[in-house]
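Notes follow once the structure below has been shown.
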Amino acid sequence: MGLGLAQLERITADIQANDLEWVEVAEGSYFKALTIHVPTNTVAYAFKMDPGAPDFPPHFHICRAMSFTTKGWFGYREGTNRVENGMFSYEAAGSFHTPFSDCPEGFESRGVFESDTEVLLQNHEDSNPHSEIIGLLTVQDFLDIASPATHIVDADGSVSGDPHFKYDFSEGVSVF
């Protein structure tokens with residue numbers, strides 16, 4: 001899938017993630033929607049797990065996820081490594097795992113989901129990828145939890161949201 005750049009976007013935005021409220025999506029697990037680009041099913045997010053939180057639901061990636069751990073650590077029940085503060089993770093579309101954090105301070109990350117469809121993750125009943133699908137995480141879910149400061153590029157290319165700073169650096173130039 002292309003990036004949908006047949007026409008240049010005009011607005012560049014800066015979002016202060018620290019000013020957005022955390023939205024609980026599973027017990028002890030939270031997201032913030034930073035930027036949502038509906039035409040390309042791309043979501044920039046902040047994610048955190050509280051100290052002692054239950055595992056995030058086992059899930060199958062319909063999207064690819066790229067994230068940077070900014071606090072604490074987490075791991076996957078299916079693996080043995082610890083993803084620590086300062087590490088970058090690439091989670092391939094098609095991967096299945098169960099994230100958890102046993103870090104006493106909890107864990108936080110910032111990242112991007114990119115998908116060919118509106119569906120980002122399929123949450124499963126248990127840690128078997130053939131188990132029952134109990135829910136989906138979609139681009140619409142992020143639109144539903146978006147803050148007034150979330151920068152949103154809508155399906156028609158219009159821009160909504162009121163991020164901390166907006167710029168138009170294009171000066172009407174078209175390179176296409």
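The values are calculated or read from the model by the stated rules, or taken from the named source; none is laboratory data. If you're wondering where the values come from, they're calculated on a predicted model, not measured in any experiment. Note: ideal-geometry Cβ built from the backbone for every residue, glycine included; neighbour counts use all protein chains shown.
Under the condition of being among the small types (Gly, Ala, Ser), closer than 17 Å to residue 99 by Cβ and either assigned to a strand (DSSP E or B) or in contact with a helix residue (DSSP H, G or I) (Cβ under 9 Å, 6 or more places away or on another chain) (or both), the residues counted in region 11-32 number 2.
All conditions in (1) under 25 Å from residue 20 (Cα atoms); (2) in contact (Cβ under 8 Å) with a residue 12 or more places away in the chain; (3) not β-branched (Val, Ile, Thr) hold for residue 158, with the sole exception of (2). Please find, among 26, 93, the residue that is surrounded by 14 or more Cβ atoms within 10 Å (Cβ to Cβ), small (Gly, Ala, Ser) and more than 20 Å from residue 144 (Cα to Cα). From the options 26, 93, the qualifying one is 93.
Scanning region 54-73 for residues that are of a type in the set (A, V, I, L, M), surrounded by fewer than 19 Cβ atoms within 10 Å (Cβ to Cβ) and outside any strand (DSSP E or B) yields a total of 0.
Annotation note: of 28, 4, 72, 79, the sole residue that is on the phi > 0 side of the Ramachandran plot and at pLDDT below 95 is 4. Quick check: is even one residue across region 154-172 of a type in the set (A, V, I, L, M), exposed (fewer than 15 other Cβ atoms within 10 Å of the Cβ), touching a Pro at 6+ places or on another chain (Cβ under 8 Å) and over 22 Å from residue 37 (Cα atoms)? No, the conditions are met nowhere in region 154-172.
Residues in region 74-116 that are farther than 18 Å from residue 54 by Cβ, within 13 Å of the chain's Cα centre (by Cα), assigned to a strand (DSSP E or B) and not acidic (Asp, Glu): 6 in all.
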